[in-house]
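Worksheet: one structure, shown below.
Rule-based calculations on the coordinates, nothing more; no lab input. Worth saying up front: this structure is predicted, and the values here are computed from it rather than measured. Note that we place each Cβ from the backbone using ideal geometry, even for glycine, and neighbour counts take in every protein chain shown.
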Amino acid sequence: MEQLDIKSLYYTELQEVLKGLGLPAFRAKQIYEWLHVKLAGSYDEMTNLSKDLRLKLSEAYPITALTEVDALHSAEDGTIKYLFRLKDDRVIESVLMKYHHGNSVCISSQVGCRMGCKFCASTIGGKERDLLPSEMLDQIYRIQALSGERVSNVVVMGTGEPLDNYDNLIRFLRILTDEQGLNISARNITVSTCGIPDKIRELAKEDLAITLALSLHAPNNEIRKQLMPVAAKYELSEVLDAFRYYYEETGRRLTFEYSLVNAINDEEEHAKELCRLIKGLNCHVNLIPVNPIKERNYRKSENKKIQNFKNILEKNRINVTIRREMGADIDAACGQLRKSYIDKNSKEDCHN
């Protein structure tokens, strides 16, 4: 039987588990605090528990804790990209970005990704498995422990499609925002999706005041299909209807992510078409100069084109920003560090 993942339990569930072991109620509060506030990576750190109890718990309910494999530090802006090993020896990556308004962590929601976006290194090799809530949480916990700095913002925008791992995502979000845990405000959390309409509608009913970001990347379905295979399954109109529904249910301003790819989706006509597409929506557009990856022949748009694109949106009274490139000197784009690590180890295995 698969062992219970204690770090993925809600506080009430932890109380029930410990009650079943005949332990007093206050133990649940202690252990939950060790896991989600003091960020303990093992029972050995739980010094207010007896040695016998720690041994009993570690045998029955091992703690999910990630192991740091590598960390790349940007000399330009202080960004740190981490590579973590999971208990099954798979690796995932997370990024710590330092802004004047606080520290933001970008986490992965899956090992690999099956969405197949053409400009993203995360999809090369496909999806291996979903991450558990504990594995999503521990990316934040390890980074906070390793950096010694408080994390105030979280973006689920790393490797994987969060809504393709829906149940684990929701549990992760509820534990992360729990007042008895790390207590990160839901308003400081962004979940990015390629656009799975039924899951967007489901998320709208969860009563979570998070920001939902749609990876749009195109002003029409034809270009979107060229860049994102998921667009062949879900029409853009269907995705936008679900997005509007999300806004109606939550009142939360919508965010559109738009990666600018040279000569594909960055022309003046594309900007004007985008304006027509999202006109009237309470939204914000993040323009992202695409990060070139060696496996694809897509190139980043010229700065002049990027600025022109932004100007057209602004003239149409659409809130827009050009996302600042963080960690450009350390290949901080999604999937790049993990991919290079896997490639390197594959070559070493071949030579051995």
Kirkwood hydrodynamic radius for segment 11-103: how many Å is it when counted over pairs of different Cα atoms?
15.7 Å
Overall form of segment 87-149 per C-alpha gyration tensor (a/c, 1.5; a/b vs b/c)
oblate
Please compare each pair in Lys87/Lys127; Lys205/Lys233; Lys98/Lys279; Lys205/Lys279 to a cut-off of 27 Å on the Cα-Cα distance and tell me which ones are over it.
Lys98/Lys279
Inter-part distance where segment 38-109 and segment 111-186 are each reduced to a Cα centre, Å
12 Å
Choose one answer from Asn319, Asn221, Asn48: the residue with the largest mean-square fluctuation in a GNM of the chain with alpha-carbon springs under 10 Å.
Asn48
Only helical DSSP H runs with n ≥ 4 go in: add -39500 (n - 2.57) per run for the chain, normalise by residue count and round the 222 nm mean residue ellipticity to 500 deg cm²/dmol.
-11000 deg cm²/dmol
Binning every alpha carbon pair distance of segment 6-60 at 5 Å from zero, what are the percents per bin?
4, 20, 34, 31, 10
Of all DSSP beta bridges having both residues in the chain, the percent classed as antiparallel (nearest 5) is 45 percent
Surrounding charge for Asn220, neighbours by C-beta under 12 angstrom, Lys/Arg +1, Asp/Glu -1, total 0
Per the rule of 0.36 nm per residue minus the C-alpha distance, extending Lys233 to Lys272 adds in nm 11.5 nm
Please identify, among Ala121, Ala271, Ala263, the residue showing maximal mean-square fluctuation in a Gaussian network model of the chain using a 10 angstrom Cα cutoff.
Ala263
So how far apart, in nm, are the two label points at Arg54 and Ile322 if each is 7 Å from Cα heading toward Cβ?
5.4 nm
Summing +1 per Lys or Arg and -1 per Asp or Glu among the other residues with Cβ less than 15 Å from Ala65's Cβ gives -1
Take Arg201 and Glu149, extend 7 Å from each Cα along the Cα→Cβ direction, and tell me the distance between the two endpoints in nm.
4.2 nm
Give me the percent relative contact order of the chain, please, defined on Cα pairs under 8 angstrom at least 6 residues apart.
15 percent
Taking N as the number of residues in segment 114-210, the ratio of its alpha carbon radius of gyration to 2.2 N^0.38 Å works out to 1.11
Please identify, among Asn308, Asn165, Asn220, the residue showing maximal mean-square fluctuation in a Gaussian network model of the chain using a 10 angstrom Cα cutoff.
Asn308
Helix 133-147: angle to the longest alpha-carbon principal axis of the chain, degrees 0 to 90, nearest 10?
90 degrees
Neighbourhood charge, 14 Å Cβ-Cβ cut-off, centred on Gly41 and excluding it, Lys, Arg +1 and Asp, Glu -1
+1
Residues Arg90 and Ala263, FRET efficiency given R0 of 41 Å [Cβ-Cβ distance, rounded to 0.05]
0.70
Report, ordered by chain and residue number, the lysines lying within cross-link reach of Lys19, taken as a straight Cα distance under 22 Å and ignoring same-chain residues fewer than 8 apart.
Lys7, Lys29, Lys51, Lys56
